[in-house]
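Shown next, in structure tokens, is the structure this report addresses.
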Amino acid sequence: KYGLVILDPPLVGHAKGARFGLLEDLERLVGLAFDKLAPGGALILSTHATELDHHRLEAICRRGAGRPIEILERLGLPDWDHPVVAAPSAADRGDYLTTL
């Protein structure tokens, strides 16, 4: 068991003949991570999937944990590194980083 588990999963991955898809498999991955946490431990989960805002990511974490959890902090892109522009370009993915 660990006091801290950090998850930064890819959007898609392949290993040992298995495929991982973030949107399809994240809840299961979160459950596995919570199984490895020691009592009182913390999980940091970060994703750059534009489909996952804080509300959706929190719901996935709560279902995956299978027990009550406390969200200690919600983070995104730092303003100093990714300022909001009035007219974003097509190349700008917007606020894509979601961390709990």
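The values are calculated or read from the model by the stated rules, or taken from the named source; none is laboratory data. Keep in mind that what you see is a predicted model, and the values were worked out from it rather than measured. Neighbour counts are summed over all protein chains in view; Cβ atoms, including those assigned to glycine, are modelled from backbone coordinates with ideal geometry. Ligands, DNA and RNA are excluded from the accessible area calculation, which covers all protein heavy atoms including side chains. Shrake-Rupley method; radii C 1.70, N 1.55, O 1.52, S 1.80 Å.
Can you report the number of residues in region 34-53 which are under 13 Å from residue 100 (Cβ atoms) and either among the charged types (D, E, K, R) or touching a Gly at 6+ places or on another chain (Cβ under 8 Å) (or both)?
Of the residues in region 34-53, 3 are under 13 Å from residue 100 (Cβ atoms) and either among the charged types (D, E, K, R) or touching a Gly at 6+ places or on another chain (Cβ under 8 Å) (or both).
Of all the strands (runs of 3 or more DSSP E) wholly in the chain, which have at least 1 residues that are modelled with pLDDT under 80, in contact with a helix residue (DSSP H, G or I) (Cβ under 8 Å, 6 or more places away or on another chain) and open to solvent by 70 Å² or more (accessible area, probe 1.4 Å)?
Qualifying strands (runs of 3 or more DSSP E): none found.
The rows are residues; the columns are (1) on the phi < 0 side of the Ramachandran plot; (2) in contact (Cβ under 8 Å) with a residue 12 or more places away in the chain; (3) touching an Asp or Glu at 6+ places or on another chain (Cβ under 6 Å).
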site	(1), (2), (3)
2	yes, yes, no
6	yes, yes, no
15	yes, no, no
22	yes, yes, no
33	yes, yes, no
45	yes, yes, no
53	yes, yes, no
60	yes, yes, yes
